[in-house]
Amino acid sequence: MDTPHSSNSVIPHQLVRYAILMFWSIFWLFNLLDKVIGGAHFLWVGRDRFAQFQKYFASTGLDSPHIANAALAVAGALEAFAFVFFAGALIFEIQKSRETARRWCFIGTLLTLATFTFFSLGDHWFGDRFELLEHTLFWFISLASYLVFTHLNETDQGEAGEAWPRRQVTTAAVVSTVLVIATSTAIFQHNTTDFQLRSAPVTAEEVGENIYKVAFPFLGGSTVFERSLAQFKENHPRKTIQHIYTVPKPLRLKKADALIFYIMTEDQP
């Protein structure tokens, strides 16, 4: 005897389509927020995209900030439209408008491919191989996710699908909840104990005669630099700063983190 499927049963194909659209919607939403919210804040670690773009163009001799602004505007526009179309596709998918959702997903995918192509061309120009690898991977992931989305749409036509067992759904929900609680607790604990290190002064370590070393904390910025110098002058009133040197980039642990600089001093007469 055939068992009718309830309207609220969880269908695997439908769940995967929701996941694809939700992933790209959240992905582009966070990329947009990353351009609006720069720097490190409570529960948010952003990046100064304008400074990054300006640094890239300056390395090729194009120092004008207007060029960086234009490139950032193009990238932001592509990401904004990609977010709109993926979010719209998700809404239409929820409303069971499959064909409309497919069209919106197709446009969102085209915008995604255009965005990563734009970034990849810049990576080639600026010689950033790490970013090139990242953007190329996302380019193929975007294309693959659209092919999966359309394939599931075709294979599920006219089929009710097989509902997931309640035990499987319950197990997945419990595991997901535990992971969310564990990661959220770790994030809040880190922000409670270590967030102040991003602006607190760093004590200079003497490594030689009239040579002092300052190692930045994770995501330490200009505030750390200024306060560290002020603290150094306060702790060493009889020292005069002659030079400040930074470690060559290849010796740093990461791109913008773990910055190390040395303070060269001499005794005041």
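Each reported figure results from applying straightforward, stated rules to the coordinates on display, with no laboratory input. Every value quoted in this text rests on a predicted model; they were computed, and no experiment measured them. Positions of Cβ are generated from backbone atoms using ideal geometry, with glycine treated the same way; all protein chains shown enter the neighbour counts.
Values for this structure:
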{"quantity": "Local electrostatic count, Ala101, Cβ distance below 11 Å [Lys/Arg +1, Asp/Glu -1]", "calculated": "+3"}
{"quantity": "Order of Trp104, Trp139 - criterion: other Cβ atoms within 10 Å of each residue's Cβ, fewest first", "calculated": "Trp139, Trp104"}
